[in-house]
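The values are calculated or read from the model by the stated rules, or taken from the named source; none is laboratory data. Just so we're clear, the structure is a prediction, and the values are computed from it rather than from any experiment. When we count neighbours, we look across all protein chains shown, and the Cβ atoms used for this are built from the backbone with ideal geometry, even at glycine. Please note that ligands, DNA and RNA were not included when accessible areas were found on the heavy atoms of the full protein model with its side chains. Shrake-Rupley method; radii C 1.70, N 1.55, O 1.52, S 1.80 Å.
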Amino acid sequence: ELYHHYTGHDNNRDWYAFTQVETQMVVDSLYGQWHPQIVNDIHQQGVNGTRIFIPPYMDPVEPNIDPILMAGVAQMGKAMTWRLTAEGKVGVANNTSYDAWTPARAFQHYHGAIRILTETASADLASPVTVSFDSLRAGYNVDPKQAGVDFLTLWKGGRWTIGDIVNYQTSATWALLAQSANDRFEWLSSYAMVEARAVAGKATAGREGWPVAFVLPVQQQDPAALATVLRILQRGQVEIRRSTASVTADSEIGGVGMHGSTTYPAGSYVVFTSQPYGAFAKALLERQRYPDLHEYPGGPPKRPYDVTAHTLPLLMGVRVGTVTAGSVSAGDAIAPVAAPALNVAGLTGGKRRIAMYRSYNASMDEGWTRYVFDTYHVPYASIVDKDLRAGKLNARFDAIIIPDQRSRALARGLGGSYPDTLKGGIGEAGAQALRDFAEAGGTVVAFNNASGYAVETFKLPVKNVLEGIPPKDFYAPGSIMRVEMNPSSPIGRAMAAQPMVWFEDSPAYEITDPARATAIASYPAQGDPLLSGWLLGGSKLNGKAAAVDTRVGKGHVILFGFRPQYRAQSIATYPMLWAALRGEFGTQQP
């Protein structure tokens with residue numbers, strides 16, 4: 001089971017989308033009321049590395065974070081490292097593993113505070129472990145078997161317990177509190193300077209290139225998506241106004257295209273960057289350009305800790321204009337935006353019988369899929385290995401979803417010391433049942449890496465052109481890509497917003513038998529497909545399929561070579577999923 005009902009460890013990736021009630025409550029009742037200047041964020045990491053990580057973070061730093069705060073992070077982290085080292089704590093690491101790129105993990109950095117992430121080596125829950133020195137593994141900038149400027153004292157291995165975890169975290173917390181108390185005036189003065197710079201906007205040194213404002217027209221392809229973006233900004237304490245006259249933006253992203261100069265009517269929503277948390281809005285409303293970092297010149301990419309893009313206009317298909325200069329006439333801040341009514345024509349309360357496969361090798365993507373379906377009130381049944389193996393699936397279901405998971409994990413499932421009732425994965429019996437289901441007219445929908453399992457299981461006429469390519473030649477760790485929709489595909493036509501997909505270690509397909517398979521969406525035949533984030537080797541995507549409709553007997557297997565419901569954020573691609581589940585295959589139906 002996922003330890004969070006919907007998101008598993010992705011509950012620590014929700015600090016700008018605010019999808020989960022736990023995140024909402026912390027933001028609303030703690031950060032939104034107390035506005036802390038220092039946040040101590042306590043975590044645990046793997047056992048075969050350093051004993052504790054304390055900032056400074058490694059590169060990159062997201063460019064909208066005030067450098068005063070990053071200097072504060074470095075100062076606090078080094079003060080904590082100093083105190084722990086003086087106490088005799090060994091294995092303390094800085095500048096490794098964890099970066100400061102995404103607001104998904106660092107709400108505080110956009111709200112006048114430093115976030116001190118500490119990551120202590122784990123035990124076996126509450127049971128001790130024994131770790132040999134030779135088993136310790138290096139991370140970026142730090143090798144736990146070699147002392148250096150970011151790792152001053154070695155831990156020689158041995159027994160590691162929950163008591164050690166508590167001792168290290170207690171010492172780290174007391175060090176943070178002592179430093180805060182001793183330098184209280186400097187911390188508060190620094191916080192005041194950060195906020196003074198924020199309200200000055202582009203008049204602040206280093207921010208001359210910032211836009212004056214972002215403009216969101218009221219008329220959008222998906223009003224619910226617009227409401228979602230506005231509510232995210234408001235929960236992040238961003239002030240939104242309405243324009244009192246027409247506004248001309250220099251450029252626009254999201255919606256049905258990417259344009260140059262666009263004029264919006266009076267009454268459009270306006271987000272000024274010169275406000276206390278304007279940096280938070282800017283980080284979410286602009287395209288990300290992740291720096292091209294490598295482990296060494298000519299070497300493999302330096303992997304980010306998490307994904308590299310978080311552009312809400314693209315993810316949610318909402319038109320947003322950027323005003324780079326001049327003034328915008330706007331009224332007072334608007335009242336809180338009401339939550340939109342979420343439903344799906346033909347699926348919410350409908351008669352389609354949908355099943356969602358749930359692996360005992362728990363998948364966070366499966367949890368996110370359940371969350372999206374629950375919020376849109378789309379009924380479904382969760383099915384596990386034994387349900388698939390039992391067969392006769394057509395009697396119960398019209399469509400079966402296989403969320404993102406590697407082929408091996410799906411086919412083999414759990415092993416080791418788990419009970420026999422939880423072992424074995426889908427297995428051959430379950431695979432045959434899926435084949436029988438499709439042959440008899442059922443629809444199987446596979447997400448991202450689960451598409452590879454579907455290709456193998458159904459012997460589909462497609463080839464993943466990215467398989468086996470090393471990261472130095474192709475790499476996209478979590479970015480937004482441009483695609484072109486096939487107008488003859490009803491599933492492709494369902495996506496009215498800006499054609500884009502969320503690409504995260506995803507496949508890209510070449511169709512080997514056009515008589516049996518049709519591209520729903522493809523990457524552009526020429527040019528760079530990257531819209532936001534980081535991409536190496538983009539030419540390998542040119543002309544390849546991102547989503548494919550394949551015919552199997554009387555049924556269909558739909559390959560989404562991406563996550564169409566990524567962390568409940570990629571609202572722009574939801575319509576493709578809904579169309580596939582409704583069985584909208586049009587003239588392609590045999």
Counting sequence-distant residues (5 or more places) and residues on other chains, those with an amide H built under 5 Å from that of residue 531 are 480, 481, 482
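Hey, got the dipole for the chain? About the Cα centre, +1 on K and R Cβ, -1 on D and E Cβ, debye to the nearest 20?
Numbers: 52 positive and 52 negative charges, 171 e Å.
Once rounded to the nearest 20, the dipole reads 820 debye.
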Given that compact globular proteins tend to follow 2.2 N^0.38 Å, what is the ratio of the alpha-carbon Rg of the stretch 357-449 to that value? 1.06
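Just to verify a number: FRET efficiency for residue 324 and residue 180, C-beta to C-beta distance, R0 = 35 Å, to 0.05?
Details: r = 39 Å, r/R0 = 1.11.
For residue 324 and residue 180, the calculated efficiency is 0.35.
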Sum up the charges of everything whose Cβ sits under 13 Å from the Cβ of residue 105, counting Lys and Arg as +1 and Asp and Glu as -1, but leave residue 105 out. -4
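Normalised by the residues of the stretch 455-590, what does the relative contact order come to in percent, with Cα pairs under 8 Å and at least six apart? All intermediate terms of the calculation are to be shown ahead of the outcome.
Numbers: 275 pairs, mean separation 39.1, N = 136.
Contact order relative to length: 29 percent.
So if I take the alpha carbon set of the stretch 482-550, get Rg, then get Rh from the Kirkwood formula, what is the Rg over Rh ratio? Working shown, then result.
Working: Rg = 11.8 Å, Rh = 12.4 Å.
Rg divided by Rh gives 0.95.
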Using θ = phi - 60° and the Karplus relation 6.51 cos²θ - 1.76 cosθ + 1.60, list the HN-Hα couplings for the stretch 343-350 in order, rounded to whole Hz, with x at every Gly or Pro. 7, 10, 4, x, 10, 5, x, x
Given a 1.4 angstrom probe, what's the average accessible area per residue across the stretch 493-543, in square angstrom? 36
Can you say what percent of the DSSP beta bridges in the chain, counting only those with both residues inside, are antiparallel? Round to 5. 65
Using a 1.4 Å probe on the protein heavy atoms, what percent of the accessible area of the chain belongs to carbon and sulfur? 53
Shape verdict for the stretch 340-494, please, from the Cα gyration tensor: rounded (a/c under 1.5), prolate (a/b greater than b/c) or oblate. rounded
Mean separation of Cα pairs under 8 Å and 6+ residues apart, divided by the residue count of the stretch 245-368: what relative contact order is that in percent? 27
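For the stretch 276-392, what is the accessible area per residue in Å², given a 1.4 Å probe and the full set of protein chains? List each step's numbers first, then the result.
Numbers: 4890 Å² over 117 residues.
About 42 Å² of surface per residue is accessible.
Please state the charge dipole magnitude for the stretch 234-316, taken about the Cα centre, from unit charges on C-beta atoms (+1 on K and R, -1 on D and E), reported in debye and rounded to the nearest 20.
Numbers: 8 positive and 7 negative charges, 37 e Å.
Here the stretch 234-316 has a charge dipole of around 180 debye.
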Sort 100-110, 137-147 by packing, meaning the average of other beta carbons within 10 Å per residue, with the highest value first. 100-110, 137-147
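Can you give the direction-averaged projected area of the convex hull of the alpha-carbon atoms in the stretch 444-590, in nm²? Mind dumping the intermediate values first?
Values: hull surface 31.9 nm².
The orientation-averaged projected area of the Cα hull of the stretch 444-590 comes to 8.0 nm².
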Farthest toward the dipole's positive end in the chain, which of 34, 216, 5, given Cβ charges of +1 (Lys, Arg) and -1 (Asp, Glu) about the Cα centre? 5
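Please give the per residue accessible area of the stretch 10-79, computed with a probe of 1.4 Å over protein heavy atoms only, in Å².
39
Per-residue ellipticity at 222 nm for the chain, helices alone: DSSP H runs ≥ 4 residues times -39500 (n - 2.57), over residue total, nearest 500 deg cm²/dmol? Don't jump to the answer; show the numbers that get you there.
Values: 14 runs with 148 residues, N = 590.
When only DSSP H runs of four or more count, the value is -7500 deg cm²/dmol.
Under 11 Å from the Cβ of residue 455, count the other residues' Cβ atoms, weight Lys and Arg +1, Asp and Glu -1, and hand me the total. Could you put the intermediate results ahead of the total?
Working: positive: 459, 463; negative: 456, 467.
Surrounding charge for residue 455 is 0.
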For the stretch 555-561, take each phi angle, set θ = phi - 60°, evaluate the Karplus expression 6.51 cos²θ - 1.76 cosθ + 1.60, and give the result in whole Hz per residue in order, putting x for glycine and proline. x, 9, 10, 9, 9, 8, x
For residue 544, residues with placed amide H under 5 Å, excluding near neighbours: 523
Towards the positive end of the charge dipole of the stretch 461-590, with charges on Cβ (+1 Lys, Arg; -1 Asp, Glu), say which of 461, 494, 480 has the farthest Cα. 494
Which Cα, out of 118, 531, 583, lies furthest along the positive dipole direction of the chain (beta carbon charges, K/R +1, D/E -1)? 583
Taking amide H atoms as placed 1.01 Å from N in the peptide plane, list the residues 5 or more away in sequence, or in a different chain, whose amide H sits under 5 Å from that of residue 150. none
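Relative contact order of the chain, please, whole-number percent, based on alpha carbon pairs below 8 angstrom and at least 6 residues apart. Mind showing how you got there, number by number?
Values: 1316 pairs, mean separation 73.0, N = 590.
Relative contact order for the chain comes out at 12 percent.
If we count every other residue with Cβ under 15 angstrom of residue 554's Cβ, Lys/Arg +1 and Asp/Glu -1, where does the sum land?
On the way: positive: 435, 516, 551; negative: 398, 436, 439, 549.
Net local charge, residue 554 excluded: -1.
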Under Stokes-Einstein, with the Kirkwood radius over Cα pairs standing in for Rh, what whole-number D in µm²/s applies to the chain at 37 °C and 0.692 mPa s? 128
Everything considered on the Cα gyration tensor (a ≥ b ≥ c; rounded for a/c under 1.5, else prolate if a/b is larger than b/c, else oblate), the stretch 40-90 must be described as oblate
Violations at 28 Å Cα threshold for listed pairs 202/472; 351/386; 392/544 -> 202/472; 392/544
Can you compute 3J(HN,Hα) from phi for each residue in the stretch 174-179, using the Karplus curve 6.51 cos²θ - 1.76 cosθ + 1.60 with θ = phi - 60°, rounded to whole Hz and x for Gly and Pro? 5, 5, 5, 5, 5, 5
